[in-house]
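**Student:** Submitted below is the structure of interest, expressed as structure tokens.
No lab work stands behind these numbers, since they all come straight from the coordinates. Owing to the predicted nature of the structure, the values given are computational and were not obtained by experimental measurement. Cβ coordinates were reconstructed from backbone atoms using ideal geometry, including for glycine residues, and neighbour counts include every protein chain displayed.
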Amino acid sequence: MYDFKIDATDKAAFYDEMAKALEALVAGEPDAIANMANASALIMEQMADLNWAGFYRNVDGTLVLGPFQGRAACIRIPFDKGVCGAAAATRETQLVENVHAFPGHIACDAASRSELVVPIMKDGELFGVLDLDSPTPARFDAEDQAGCEKLVKVLEAAL
Ligand code: SME
């Protein structure tokens, strides 16, 4: 049983603890689906104010839905569509304060107002993306971006 108690009050310390928890979850486990599944559960359980947390995988140049927590979501996203597609195409994190102002945003859950998408790399290629959605506008800031990029690094080391 895993029972993580992450009670840091500032974001830097919170993401340090999250990275340690994720390291413990993926330690010694090479299965990417299992690791993404536990990562999405950890994120959804510990991060406040999210309505969706999960992964899309790069399958032959299309993003295909992977393990996630939240409402049933769009299954396939081309690289030229949506926030996830932009992260995949540019291989750069997309921090979107207002999804309604993002051209081509894909509304999988009408409640989503802001979004953070971090690309995941393996052997120099795009493996997929980590996608976080919030019902609160501007839920994510630069510290969340840095923290989630750190979580992705932990996951990448296990891929
Ligand atoms: N909003 C995303 C699509 C995925 S869902 O949020 C789960 C996008 O625009 O790429």
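**Student:** Under the Karplus relation 6.51 cos²θ - 1.76 cosθ + 1.60, θ = phi - 60°, what is the ordered set of whole-Hz ³J(HN,Hα) values for the range 91-96, x standing for Gly and Pro?
**Tutor:** Couplings: 6, 10, 4, 10, 10, 10 Hz.
**Student:** Among 75, 120, 6, what is the fewest-to-most ranking by other Cβ atoms within 10 Å?
**Tutor:** Neighbour counts put them in this order, fewest first: 75, 6, 120.
**Student:** Right, another one. If neighbour count is taken as other Cβ atoms inside 10 Å, put 47, 36, 1 in order from fewest to most.
**Tutor:** Listed from fewest to most nearby Cβ atoms, that is 1, 47, 36.
**Student:** Quickly estimate the mean residue ellipticity at 222 nm for the chain, helices only: each DSSP H run with n ≥ 4 gives -39500 (n - 2.57), and the total goes over all residues, rounded to 500.
**Tutor:** Taken over the chain, the calculation gives -11500 deg cm²/dmol.
**Student:** What's the exposure ranking of 74, 108, going from fewest to most Cβ atoms within 10 Å?
**Tutor:** 74, 108
**Student:** Within the chain, which complete DSSP H helices have Cα atoms spanning at least 24 Å along the helix axis and a mean Kyte-Doolittle hydropathy of -1.0 or higher?
**Tutor:** Helices meeting the span and hydropathy rule in the chain are 142-158.
**Student:** Want the number for residue 3 to residue 49: 0.36 nm per residue separation, take away the alpha-carbon distance, what's left?
**Tutor:** 14.6 nm
**Student:** Separate question: What does the extension gain come out to for residue 60 and residue 156, with contour length at 0.36 nm per residue minus their alpha carbon separation?
**Tutor:** So the chain would gain 32.7 nm between residue 60 and residue 156.
**Student:** Can you tell which of 108, 135, 46 lies farthest toward the positive end of the dipole of the range 11-158, using +1 and -1 charges on the Cβ of basic and acidic side chains (Lys, Arg; Asp, Glu)?
**Tutor:** Final value for the positive-end residue is 108.
**Student:** What translational diffusion coefficient, in µm²/s and rounded to a whole number, does the Stokes-Einstein relation yield for the range 77-159 at 25 °C and a viscosity of 0.890 mPa s, taking the hydrodynamic radius as the Kirkwood radius over Cα pairs?
**Tutor:** Diffusion coefficient, whole number: 191 µm²/s.
**Student:** Shape verdict for the chain, please, from the Cα gyration tensor: rounded (a/c under 1.5), prolate (a/b greater than b/c) or oblate.
**Tutor:** Oblate, since a/c reaches 1.5 and b/c is not below a/b.
**Student:** Now, a different point. Find the eigenvalues of the gyration tensor of the Cα atoms of the range 21-98, then list the square roots of 5 times those eigenvalues as equivalent ellipsoid semi-axes, largest first, in whole angstrom.
**Tutor:** They are 22, 16, 12 Å, listed from largest to smallest.
**Student:** Report, in debye and to the nearest 20, how large the dipole of the chain comes out about its Cα centre when Lys and Arg carry +1 and Asp and Glu carry -1 on their Cβ.
**Tutor:** 380
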